[in-house]
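Accompanying notes for the structure given below.
The values are calculated or read from the model by the stated rules, or taken from the named source; none is laboratory data. Not measured: the values here are computed from a predicted model. Don't worry about glycine lacking a Cβ; one is built from the backbone with ideal geometry, like all the others, and counts go over all protein chains shown. In case anyone asks, the SASA skips ligands and DNA or RNA and just uses the protein heavy atoms, side chains included. Shrake-Rupley method; radii C 1.70, N 1.55, O 1.52, S 1.80 Å.
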Amino acid sequence: MKKIFFNTLLMLLFLFLGWLLFANLSDHYLWNDEASTAVMARNVLKFGYPSSFDGLNYHYPSAPDLNMPGTRVWIGDTWPQYYVMAASFRALGVSTWAARLPFALAGFLTLVLLYLFSIRYLKSREIGMIALVLAGTSVPFLLHARQARYYGLVMLSCVAIFYVYHRIINGKKGYFWLSLILTFLALLNYAAFAPIFCALWVMALFMDRREIKWRRFVLASVPPALFCVAWLSLSWFSINSDASYYPVNLSLGGIKKNLEFQIRTVNSYFAPLILLLSAVIFRPKTSDWRLFARIGAVLLFNIIFFSVFGLRTMRYYVQYIPFLCLIEAFFLVRVFQWRKGAGVAVIALLIFTNLLARPDKPRFYFFDYIHELTHEYTGPMEAVSKYLKANASVGDKVKIIKGDLEIIFYNPELEVLNDARYYKKTYPEWIVIRKYWNPIYEDKWRNERRAVIEDGYMDVLGGYEKILLPAVDSTWENSPDDLEGHFFRSPLITPENQMAVYHIKR
């Protein structure tokens, strides 16, 4: 009877977490980075490779160094995410829903694998259930897994690598799968690959050297390492060693700054530090201390890596979440053994509030997220795209910067004048001006990109009709990276922030 109850509860929990991941996937239009992936995925269907030119429009036309030299083969980002999305487009058609679906599915499989790991290698359904609840209700996890970007695939790959490694040290087959998943991660995101690859080798050398079949382990490590080095070499030489793509900082001040950002991010959004410290101090006395140490090794090498590489954005840390949730679950099992009511109270605080992390700034992100799932939201580029779809003619030109990729994806029949062409004094049928772009980013274009910036796009507006749209001109549409800047609710439209499009007068 107890087993039936537990299995029923587990099934209902997975159904609820599935709803959190898959509900209303197509409500928000793709924002800039998602649209970048979607444009490339559609070009994969057309050309068989990620082309930065689709026959009409250019993807970052003023950044030729992000292409393979002398070609339009895009290497500004790694490719697996494009092919995964292209497969979804092939099967389901080109749409917002199809763009996001495979990545949300990867997020769901991450939760499944996290639970399976707990019951098979931690020998604890309780730890698995708690880790599943914490990860599956984590708002950063949910927001990033629902993005039409590589984030869900990174989380799934890291948990899968950890799972397969434990199969190996428990005497089961898995070296081929370990090599395959590591290679996929190396090609998907080398910033996520490097730390877990190093962690595996440290675990193998210092914790599990007797269980490892070294010849197979070394052979399994060679392909991912070679593919990672090959891709880095290609992209490094092509982008002329641009420091913004490889922001290495070996100074103590830089490392300290990067470490502090990680600590703030983890504490504020992923897992309260006070709970993590409690888990380390009061962890259960498992039969194998190495289980706990391996989780720590993966997190430690990620922290070291991102303390040197200054990628101070939440998206680069989302692979921390499943492992942090496992650590929390270790401690919470002890709390439940002591007082069930206390365990339920702590989990409720973790899910519904941030009081254990930031009692000085209380927020209720989970309720905000539920509101986002159940209410319509219209972003600025969604409003522009829909208006152009209804009113523009095939072949019309649209002058736009930041938001250009959304228009290219949703309005492929229009010619988009983006990047440097935005500043030329021309008279296209449509002009879109983003309020937040000017003047900071224009100075960057003048000084760094050496673009010839004219005020033509403002001077010509006397010949255009201004059309107000039902949306706020918000930065980055609705990025998941900064929960303080993410719009869980539609912001209030005012005359100062209302989105507009300009149409040439006839």
**Message:** Could you order the peptides 147-156, 483-492 from most to least packed, using the average number of other C-beta atoms within 10 Å per residue?
**Reply:** 147-156, 483-492
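Just check region 296-364 against the gyration tensor rule for me: Cα atoms, a ≥ b ≥ c as the square roots of the eigenvalues, rounded for a/c under 1.5, and otherwise prolate or oblate depending on whether a/b exceeds b/c.
oblate
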**Item:** Where a label projected 7 Å from the Cα of PHE282 along Cα→Cβ would reach, residues of region 329-370 with amide N under 17 Å
**Value:** 329-350, 356-357
**Request:** Filter the trypsin sites (Lys or Arg not before Pro) in region 176-220 to those in DSSP coil with at most 16 other Cβ atoms within 10 Å of their Cβ, and list the result.
**Result:** ARG209, ARG210, LYS213
**Prompt:** Which distance in nm do the two modelled labels at LYS173 and ARG209 give, with both placed 7 Å along the Cα-to-Cβ direction?
**Reply:** 2.9 nm
**Prompt:** Amide H of LYS399: which non-local residues (sequence gap of 5 or more, or other chain) have their own amide H closer than 5 Å, using H built in the peptide plane?
**Reply:** LEU417, TRP430, ILE431, VAL432
**Request:** Assuming R0 = 56 Å, can you tell me the calculated FRET efficiency for the pair SER251 and LYS389, based on Cβ-Cβ distance, to the nearest 0.05?
**Result:** 0.65
**Request:** Compute the Cα gyration tensor for region 32-155, then decide on rounded, prolate or oblate, letting a ≥ b ≥ c be the square roots of its eigenvalues: rounded whenever a/c is under 1.5, prolate when a/b is larger than b/c in the other cases, and oblate in all that remain.
**Result:** prolate
**Prompt:** From the backbone phi of region 211-227, what are the Karplus-calculated ³J(HN,Hα) couplings (6.51 cos²θ - 1.76 cosθ + 1.60, θ = phi - 60°) in whole Hz, Gly and Pro given as x?
**Reply:** 7, 7, 8, 5, 4, 5, 5, 5, 4, 5, 7, 5, x, x, 5, 5, 5
**Message:** I'd like to know which of ALA420, GLY310, GLY93 lies farthest towards the positive end of the charge dipole of the chain, counting +1 on Cβ of Lys and Arg and -1 on Cβ of Asp and Glu.
**Reply:** GLY310
**Request:** Would you work out what percent of the accessible area of the chain, with all protein chains in place, is carbon or sulfur (probe 1.4 Å)?
**Result:** 64 percent
**Message:** List the residues, sorted by chain then number, that are 5 or more residues from ALA471 or on another chain and whose placed amide H is less than 5 Å from its amide H.
**Reply:** MET499
**Request:** Return one number: the angle in degrees, 0 to 90 and rounded to the nearest 10, between the long axis of the Cα atoms of helix 340-352 and the longest principal axis of the Cα atoms of the chain.
**Result:** 10 degrees
**Item:** Label corresponding to log10 I(q)/I(0) by the Debye sum over Cα atoms at q = 0.11, 0.13 Å⁻¹ when calculated from the structure given, among (1) -1.24, -1.47; (2) -1.00, -1.35; (3) -0.91, -1.31
**Value:** (2)
**Request:** Report, in degrees rounded to the nearest 10, the 0 to 90 angle that the Cα long axis of helix 252-265 makes with the longest principal axis of the chain.
**Result:** 80 degrees
**Asked** Using the per-residue mean of other Cβ atoms lying within 10 Å as a proxy for protection, in what order, highest first, do the peptides 270-282, 129-141, 182-194 fall?
**Response** 129-141, 182-194, 270-282
**Charge dipole (debye, nearest 20) of the chain; +1 at Cβ of Lys and Arg, -1 at Cβ of Asp and Glu** = 2260 debye
**Asked** Near the amide H of TYR29, under 5 Å away, which other amide H atoms are found, from residues 5 or more places off or on another chain, if H is placed in the peptide plane?
**Response** GLY379
**Request:** Provide the per-residue ³J(HN,Hα) series for region 481-489, in order, calculated from phi with Karplus coefficients 6.51, -1.76, 1.60 and θ = phi - 60°, each as a whole number of Hz, with x at glycine and proline positions.
**Result:** 5, 10, 5, 6, x, 7, 8, 6, 10
**Prompt:** So between ILE304 and LEU355, what do we pick up on full extension, going 0.36 nm a residue minus the alpha carbon distance?
**Reply:** 15.6 nm
**Request:** Holding the Cα-Cα limit at 23 Å, pick out from LYS256/LYS435; LYS397/LYS425; LYS2/LYS173; LYS397/LYS424 the pairs that are longer than that.
**Result:** LYS256/LYS435; LYS2/LYS173
**Prompt:** Pairing the Cα long axis of helix 151-169 with the longest principal axis of the chain, what angle in degrees results, from 0 to 90 and rounded to the nearest 10?
**Reply:** 20 degrees
**Message:** Along the charge dipole of the chain, pointing to its positive end and built from +1/-1 on Cβ of Lys, Arg, Asp and Glu, which listed residue (GLY174, VAL394, ILE408) has its Cα farthest out?
**Reply:** GLY174
**Message:** Please compute the per residue accessible area over the chain with all protein chains in place, 1.4 Å probe, rounded to a whole number of Å².
**Reply:** 45 Å²
**Prompt:** How much length is gained if the chain between PHE5 and LEU92 is pulled fully straight, taking 0.36 nm per residue apart and subtracting their Cα-Cα distance, in nm to one decimal?
**Reply:** 27.6 nm
